[in-house]
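Input: a single structure, listed below in structure tokens.
Just so you know, all these numbers are worked out from the coordinates, no wet-lab data involved. Here the structure is a predicted model, which is why all the values come from computation and not from measurement. Ideal geometry is used to build each Cβ from the backbone, glycine not excepted, and the neighbour counts take in all protein chains shown.
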């Protein structure tokens, strides 16, 4: 076996001298130093040899392995130096050429508009917070004046997770409004927060509906807050997002957790208010719901409605870039189609 090892060593070095490219060098490495090489098999079989032969054969095999590994590294350096020193002889490499530009990633359009909305409210003194996607029935419905069997629950196609966890029910939140209650439970007025996040509805998807979408919930609670404060805040938001000249309309609407409730719409950019397919020929496009926080909601979190008042609003985030860029199908935002995403 000692003679076999010496012959193997000589043969490997002789073959290495003839290698002149990286591909052949890798084949040489596999053949002489790989897991199935003769040298590796000899090292693995040492335990089967007689005790008196093991030290000599083991020492020689390990020495040969180290020598071959060292020769391999030297050959790699020589091949690399040869390649770099003679670029004119190889059509594959020209070190004077500029590098290839890598594609640059960018933010998703939903993330871009979320950041823009948050910046608007941060400039008004609002704090940005987040809440859990999996929510208790109490925070999602009951604490917001929507008890069990209330007709308003039909407004929300709910994705229930389980309905009996210690007598409580859990669900994927249908809106970001539960953070109103959580925030008022742990903080005392004055409160000014917005809550960006995902909401979930169990409904069929189409051009204007998705089972998962983004909302921004807003809440302000303090002494002396009126509907005029709500209108001023939302006017500023609409003008920051859609321009100073865009018309904004407030109309009465119903939401169980606010009183009075309002619907906010902007003038349609597609027809300038004349009426078109985009706005349903009304000249207006609804973008959010809002209102003054219901006194019962304040009382439920131990905030005196005789002393404090507040307003809340909820904004569908995808609606904003759809209006900005004339996108007619909300499903495009979550289709992962690079042809669509690269436009933003």
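For 33, 230, 171, the sequence from fewest to most other C-beta atoms within 10 Å is 33, 171, 230. So which residue, out of 137, 222, 162, gets the largest mean-square fluctuation from a GNM of the chain using Cα contacts under 10 Å as springs? With Cα springs under 10 Å in the chain, the top fluctuation among 137, 222, 162 is at 162. For the chain, the longest principal axis of the Cα atoms and the long axis of helix 109-123 meet at an angle of about 50 degrees.
Residue exposure proxy: 308, 281, 254, ordered by other Cβ atoms within 10 angstrom of their Cβ from fewest to most, comes out as 281, 254, 308.
The Cα atoms of the chain cover 100, 57, 37 Å along the three principal axes, with the biggest extent listed first.
Ranked by the mean number of other Cβ atoms within 10 Å per residue, highest first, peptides 107-115, 43-51 order as 107-115, 43-51.
Listing 192, 100, 54 from fewest to most neighbouring C-beta atoms within 10 Å gives 100, 54, 192. For the stretch 2-89, the gyration tensor built on C-alpha atoms gives a prolate shape. Its axis ratio a/c (a ≥ b ≥ c) is at least 1.5, and a/b is the larger of a/b and b/c. The angle between the Cα long axis of helix 2-18 and the longest principal axis of the Cα atoms of the chain comes to about 70 degrees, rounded to the nearest 10. When both the stretch 278-342 and the stretch 228-266 are represented by their alpha-carbon centers, they are found 10 Å apart. Where a ≥ b ≥ c are the square roots of the eigenvalues of the C-alpha gyration tensor, would you call the stretch 208-344 rounded, which needs a/c under 1.5, or, failing that, prolate if a/b is larger than b/c, or oblate? The shape class here is prolate. Mind running the shape call on the stretch 179-272? Use the C-alpha gyration tensor, a ≥ b ≥ c as the square roots of the eigenvalues: rounded below 1.5 for a/c, prolate if a/b tops b/c, oblate otherwise. Oblate is the answer for the stretch 179-272, as a/c is 1.5 or above yet b/c matches or exceeds a/b. Under a 10 Å cutoff between Cα atoms, tell me which one of 123, 140, 62 has the largest fluctuation in the Gaussian network model of the chain. In the Gaussian network model the winner is 62. Helix 227-242 and the longest principal axis of the Cα set of the chain meet at an angle near 40°. Each part gets one Cα centre, and for the stretch 159-201 versus the stretch 1-29 those centres are 69 Å apart.
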